[in-house]
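J.: For reference, the structure I am asking about is given below.
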Amino acid sequence: MTDTLSDRSLGWLRYLDRKAHTPDDWSRSGQPHAHWDDRSDPPMASWHRFDLVDSSYAVGLMAQRTPAWTERYLAILDQLIERHTSWWSAADWMTQFGHDPDQAHYPDAYRPFIPSELWGHYDVPGWTANDTEPWGLQPDPVAADGMLFYKGFFLVLLGIRSMIAAADAADDDPWNRPFDMIRDGDNTFTWTHTDIAQHLSRQWLAAPIGCH
């Protein structure tokens, strides 16, 4: 283990720091900056939050190599987490109600994702289908019976921050105090890091086959 990063890693860190600290608006009335990718890997991963969470993985590794930079790593992660608490982080869950009306018009590239006998009459993975039976409308993406991947990846992001913060005695873990998510009028929900983890654990215990 050394205390240096390669030139390539330093370039990525510099880019991510600039990206995280470029102001934008992830509220319902706003728009994420264009440098947050929402086009790659459809139909499942073409949402801004995947770029957001995936961008954090290298930070966890870099922090092990250069712990003296912990404060800056936490500053980056706090910007990522703040965005993940906003409306655009769950835009699919907040807009994809019922079954996909475009089922009959999927591109052939989606065929591997759908049973052949159900082609044209089945939601592609990635369509979140909020407000379908028997669950009904569940506006909170964390509390919902579905959206496992949303809360799971968010826990990864929060966990990376907690791992790095353990080396900083001055950090008081702001994400383990109540914070608001989505923040869209009545669709405002209060959680903590621990509460999300415990809720997901209860969901798994109640449905061992999977909480989806």
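The values are calculated or read from the model by the stated rules, or taken from the named source; none is laboratory data. Predicted model, so just to flag it, every value in this text is computed and none were measured. Cβ atoms come from the backbone with ideal geometry, glycine included; neighbour counts cover every protein chain shown.
J.: From the list PRO112, PRO139, which one is part of a loop (DSSP other than H, G, I, E, B), out of contact with any Pro (no Cβ under 9 Å at 6 or more places or on another chain), on the phi < 0 side of the Ramachandran plot and not hydroxyl-bearing (Ser, Thr, Tyr)? Lay out the reasoning, then the answer.
T.: Numbers: PRO112 fails: part of a loop (DSSP other than H, G, I, E, B).
Answer to the check: PRO139.
J.: What pairs come out if I take residues in region 1-28 that are over 12 Å from TRP69 (Cβ atoms) and pair them with residues that are part of a helix (DSSP H, G or I) and of a type in the set (D, E, K, R) whose C-beta lies under 6 Å away, six or more apart or interchain?
T.: Within 6 Å, the pairs are TRP26/ARG83.
J.: Could we say that ILE81 is out of contact with any Phe, Trp or Tyr (no Cβ under 7 Å at 6 or more places or on another chain) and assigned to a helix (DSSP H, G or I) here?
T.: Criteria not met by ILE81.
J.: Turning to a different aspect of this structure: Does region 29-42 contain at least one residue that is of a type in the set (Asp, Glu), surrounded by 13 or more Cβ atoms within 10 Å (Cβ to Cβ) and under 22 Å from ASP92 (Cβ atoms)?
T.: Narrowing region 29-42 to residues of a type in the set (Asp, Glu): 37-38, 41.
When the remaining residues are screened for being surrounded by 13 or more Cβ atoms within 10 Å (Cβ to Cβ), the result is 37-38.
Adding the requirement that they be under 22 Å from ASP92 (Cβ atoms) leaves 37-38.
Yes - at least one qualifying residue is present in region 29-42.
J.: Let me ask something else about it. Under 8 Å between Cβ atoms, which residue pairs at least 6 apart in sequence (or on different chains) link something in region 111-130 that is closer than 18 Å to ASP92 by Cα with a partner that is part of a loop (DSSP other than H, G, I, E, B) and of a type in the set (Asp, Glu)?
T.: These pairs meet every condition: ASP123/ASP100; VAL124/ASP100; TRP127/ASP100; ALA129/ASP100; ALA129/ASP123.
J.: Of everything in region 62-110 that's closer than 27 Å to ARG28 by Cα and among the small types (Gly, Ala, Ser), which residue is surrounded by the most Cβ atoms within 10 Å (Cβ to Cβ)?
T.: Residue satisfying both the conditions and the ranking: ALA90.
J.: Filtering region 38-94 down to residues that are of a type in the set (Lys, Arg) and closer than 27 Å to ASN187 by Cβ, which residue is farthest from the chain's Cα centre (by Cα)? Working first, answer last.
T.: Filtering region 38-94 for residues of a type in the set (Lys, Arg) gives 39, 49, 65, 72, 83.
Of the ones still in play, those that are also closer than 27 Å to ASN187 by Cβ are 39, 49, 83.
Values: ARG39: 15, ARG49: 5, ARG83: 9 Å.
Filtering first and then ranking leaves ARG39.
J.: Something else about it: Kindly establish whether SER55 is closer than 30 Å to ASP123 by Cα and modelled with pLDDT under 95. Steps first, please.
T.: Numbers: closer than 30 Å to ASP123 by Cα: yes; modelled with pLDDT under 95: yes.
Criteria met by SER55.
J.: Hey, among GLU71, GLU82, which residue is over 17 Å from PRO125 (Cα atoms) and modelled with pLDDT under 95?
T.: On the way: GLU82 fails: modelled with pLDDT under 95.
Just a single option satisfies the conditions, and that option is GLU71.
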